[in-house]
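Reading through the structure tokens given below for one structure.
The values are calculated or read from the model by the stated rules, or taken from the named source; none is laboratory data. What you are looking at is a predicted structure, and each value in this text was computed from that prediction instead of being measured. Cβ sites come from the backbone with ideal geometry, for glycine too, and all protein chains shown count toward neighbours. To get the accessible areas, we keep the full protein, side chains included, count just its heavy atoms, and leave off ligands, DNA and RNA. Shrake-Rupley method; radii C 1.70, N 1.55, O 1.52, S 1.80 Å.
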2 protein chains.
Amino acid sequence: MSDIIPASLRGRLSYVLGTLHRRALDLETEALAPLGIGVKQQAALDVLVDEGPMTQQRLGLRLGIDRTTIVTVVDGLQDAGLIERNRDPADRRAYLIVVTESGTAAQRRGRRLVRQAERELLGALTDEEHGTVTGLLARAVPERTPPDAPR
Amino acid sequence: MSDIIPASLRGRLSYVLGTLHRRALDLETEALAPLGIGVKQQAALDVLVDEGPMTQQRLGLRLGIDRTTIVTVVDGLQDAGLIERNRDPADRRAYLIVVTESGTAAQRRGRRLVRQAERELLGALTDEEHGTVTGLLARAVPERTPPDAPR
DNA sequence: TATTGTTATACTCTATAACTATA
DNA sequence: TATAGTTATAGAGTATAACAATA
């Protein structure tokens, strides 16, 4: 049984952002399924390819993900053969996460698939509007991750 | 320890939407705290004031909230004296949720507080940009709640 | 037999606490 | 003593299953 969305909620940012966020996660997750990775894992690959090898904890910090949560993310990437955990010679407590060759290929493919999912998410908008909304939202996000920022 | 957000994530919709959604919830929750109600409860008041008394289940459907979850939302409103549960004479299984006088006052005040929180959320944007992004996002949200739509 | 409201339960996601191995 | 990674555990949020009252 479907239902028209209440007018008062269509203007409420927490509601609209929540709805679109959930839908974005669904669409991107579905898009990435062929690669066997999730949204957070694609994000991890993106950061690693952009910025080079780093420790698990640093990666988590870059993604705004707790160090206990990043473990599973990296586990999945390792199981899929997309990254390797190399002991850091300078600090044998830490791993350096290194993207493998197939990891690099997966990152490129995943990036494309995510972009398609995003186009679908904003399918009701023109390409120009898509760019406008993405740009404005990016500007609204704080420059830096809050010091305590979990998730 | 703060950290600049990775460029690859600033353009990723699931990331940007998620970040802003969490922040919107935090700001709106804080803004509504003086009223002793949460974001979902303000949304419930909005719908009830706009559309008049309805059953709990119908209210949940309007909000995209499961009928087992709406119970707590309505409980809170009732405890705060903002709504009353009246048995529906036409169907004694159901309640008609009716907004009280102080509920109507709270709704008006809450609506104002939420708008302030939204302005703060998009503080980096001009008023015009604020309107643009809100309008575009509202258009990107599906017209109707999906038939199965939980949450 | 089906439906409204309710409770108990389970599941997902993520953080806190505690452990190990290094530093 | 402090830190990287890990595991076990707990908490928030929300769904599924089952029940009483009513249709």
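Values for this structure:
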item: Nm distances between copies for B:R115, ranked from closest, using label points 7 Å along Cα→Cβ; result: 4.0
item: Solvent-accessible area buried by B and A, counting both chains, probe 1.4 angstrom, square angstrom; result: 5900 Å²
item: Mean residue ellipticity (222 nm) of chain A, computed from DSSP H runs ≥ 4 via -39,500 (n - 2.57), nearest 500; result: -19500 deg cm²/dmol
item: Region A:29-46 - phi-based ³J(HN,Hα) in whole Hz, Karplus 6.51/-1.76/1.60, Gly and Pro as x; result: 4, 4, 5, 8, 3, x, 8, x, 10, x, 4, 5, 6, 4, 4, 4, 4, 4
item: Residue-normalised accessible area of chain A, expressed per residue, 1.4 Å probe, Å²; result: 51 Å²
item: Cβ-derived FRET efficiency at R0 30 Å, B:A33 paired with A:T72, nearest 0.05; result: 0.30
item: Projected-area average for region B:19-73 over all orientations - Cα convex hull basis, square nanometres; result: 4.1 nm²
item: Karplus (6.51, -1.76, 1.60) ³J(HN,Hα), θ = phi - 60°, over region A:11-21, in Hz, Gly and Pro reported as x; result: x, 7, 4, 4, 6, 5, 5, x, 4, 5, 4
item: Debye, to nearest 20: dipole size of region A:35-80, +1 on Lys, Arg Cβ, -1 on Asp, Glu Cβ; result: 120 debye
item: For A:R92, label point 7 Å along C-beta direction: distances to other copies, nm; result: 7.9
item: Global geometry of region A:1-47, whether rounded, prolate or oblate, following the gyration tensor of its Cα atoms and the 1.5 cut on a/c; result: oblate
item: Axis-nearest residue of A (beta carbon) for the A-onto-B rotation, whole Å; result: A:H21, 2
item: FRET efficiency for B:N86 and A:R115, using Cβ-Cβ distance with R0 set to 41 Å, rounded to 0.05; result: 0.20
item: Compactness index (Cα Rg / 2.2 N^0.38 Å), the protein assembly as shown; result: 1.14
item: Partner chain coverage, peptide A:20-33 - average Cβ within 10 angstrom; result: 4
item: Check: the protein assembly as shown dipole with +1 on Lys, Arg Cβ and -1 on Asp, Glu Cβ, in debye; result: 280 debye
item: Packing rank of B:18-24, B:88-94, B:50-56, A:74-80, where each peptide gets the mean count of other beta carbons within 10 Å, highest leading; result: B:18-24, A:74-80, B:50-56, B:88-94
item: Inter-label distance, nm, simple model (7 Å from Cα along the C-beta direction), A:V49/A:R93; result: 3.3 nm
item: For region A:8-122, fraction of C-alpha pairs farther apart than 16 Å, in %; result: 62 percent
